[in-house]
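Reading through the structure tokens given below for one structure.
The values are calculated or read from the model by the stated rules, or taken from the named source; none is laboratory data. Given the structure is predicted, the values throughout are model-derived calculations rather than measurements. Using ideal geometry, Cβ is built from the backbone for each residue, glycine included, and neighbour counts are taken over all protein chains shown. The accessibility values were calculated without ligands, DNA or RNA, using every heavy atom of the protein model including side chains. Shrake-Rupley method; radii C 1.70, N 1.55, O 1.52, S 1.80 Å.
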Amino acid sequence: SGVALAFTRVSGVALALRVLQTMMQPRSPVLVLRADAELLLHRTKRIAMNSLPTTSSREPQAVLEVVPGLRGWVRGSLLGLALALLGVFAVAAWLNPYNADGSPRTLATHQQLGLPPCNFYFVTGLPCPACGMTTSFALLIHGDLRNSLRANAVGTLLAGFCLLLIPWCLASAIWQRTLFIRSVERTLTLVVLAFLSLMLLRWIIVLGLTWWMGTPFPG
């Protein structure tokens, strides 16, 4: 009986040591298969089998942007601007941008409308930044592109821009949205700044050439 008791105690100690040794061994990774066939490795514990979101929920949802139509007064303003530009070009076609001998003018065509001469040119003998604008419009409408650029190249660019602006205004008023642009205010600001910068740059070049060549500006 004493031997049996000793054997039992030894067996209990051996079993305890075996259990302790088993607990101290590192656990091997457990391979878990999810419902959607996605394989995950978890080193410490098993995880529940949860279904992942379906593929359709991960796809980006299309967002439709609703662009409101232009208000009535905006459409009316566009139509009015188109009519005003047509009137400007009609006046330019009526003006005579040529001298009596047939040579093209470079400025002072606006005096045919009863307007006074340019005060800056009258005092200094030099053109102002806007000198030749009316003449360039009239020459372009008469089909004389070369002399239109010679009178005032920025005026020629402005005339071409206004010609393109007429159908844009009409189309935008008909389709009730501003075509090709998102912000009218920003676009208008950029256009005005661009033309003012070009006008000043051209004026500086003309003054520099006049001073360099030592000849008065042709009137």
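For this structure, a couple of remarks:
- Filtered residues of segment 90-107 (kept if under 29 Å from LEU126 (Cβ atoms) and open to solvent by less than 70 Å² (accessible area, probe 1.4 Å)): VAL91, ALA92, LEU95, PRO97, TYR98, ASN99, GLY102, SER103, PRO104, ARG105, THR106, LEU107
- Contact map, segment 72-97: first residue in contact (Cβ under 8 Å) with a residue 40 or more places away in the chain, second residue among the charged types (D, E, K, R) and open to solvent by less than 40 Å² (accessible area, probe 1.4 Å), Cβ cut-off under 9 Å, separation 6 or more or different chains; pairs are PRO97/ASP144.
- Tally of residues being touching a helix residue (DSSP H, G or I) at 6+ places or on another chain (Cβ under 8 Å) and open to solvent by 10 Å² or more (accessible area, probe 1.4 Å) across segment 140-153: 7
- Residue in segment 73-83 that is over 23 Å from ILE204 (Cβ atoms), at pLDDT 95 or above and aromatic (Phe, Trp, Tyr) present: no
- Within segment 205-219, considering residues that are surrounded by 11 or more Cβ atoms within 10 Å (Cβ to Cβ) and free of Cβ contacts under 8 Å to residues at least 60 places away in the same chain, the one nearest to LEU145 (Cα to Cα): ILE205
- The number of residues in segment 187-215 that are assigned to a loop (DSSP other than H, G, I, E, B) and touching a helix residue (DSSP H, G or I) at 6+ places or on another chain (Cβ under 7 Å) comes to 0.
- Among the conditions (1) modelled with pLDDT under 95; (2) farther than 21 Å from ALA82 by Cα, the only one that SER148 does not satisfy is (1).
- Sole exception among (1) in a helix (DSSP H, G or I); (2) in contact with a helix residue (DSSP H, G or I) (Cβ under 8 Å, 6 or more places away or on another chain) for LEU179, by number: (1)
- Where ILE174 falls short, out of the listed (1) outside any helix (DSSP H, G or I); (2) farther than 27 Å from ALA153 by Cα; (3) open to solvent by 40 Å² or more (accessible area, probe 1.4 Å): (1)
- Against the list (1) under 37 Å from the mean Cα position of the chain (by Cα); (2) open to solvent by 30 Å² or more (accessible area, probe 1.4 Å); (3) at pLDDT 90 or above, the condition PRO60 fails is (3).
- Among the residues making up segment 177-199, those that are more than 17 Å from ALA130 (Cβ to Cβ), out of contact with any Pro (no Cβ under 9 Å at 6 or more places or on another chain) and open to solvent by 70 Å² or more (accessible area, probe 1.4 Å) are PHE180, ARG182, GLU185, ARG186, LEU188, THR189, LEU190.
- Residues considered: LEU70, LEU115. Of these, the only one that is surrounded by 10 or more Cβ atoms within 10 Å (Cβ to Cβ) and either among the acidic types (Asp, Glu) or modelled with pLDDT of 90 or more (or both) is LEU115.
- PHE137 being assigned to a helix (DSSP H, G or I), open to solvent by 50 Å² or more (accessible area, probe 1.4 Å) and closer than 25 Å to LEU95 by Cα: no
- The set of residues in segment 91-127 being closer than 16 Å to ASN147 by Cα and touching a Pro at 6+ places or on another chain (Cβ under 7 Å) consists of PRO97, TYR98, PRO104, ARG105, THR106, LEU107, ALA108, THR109.
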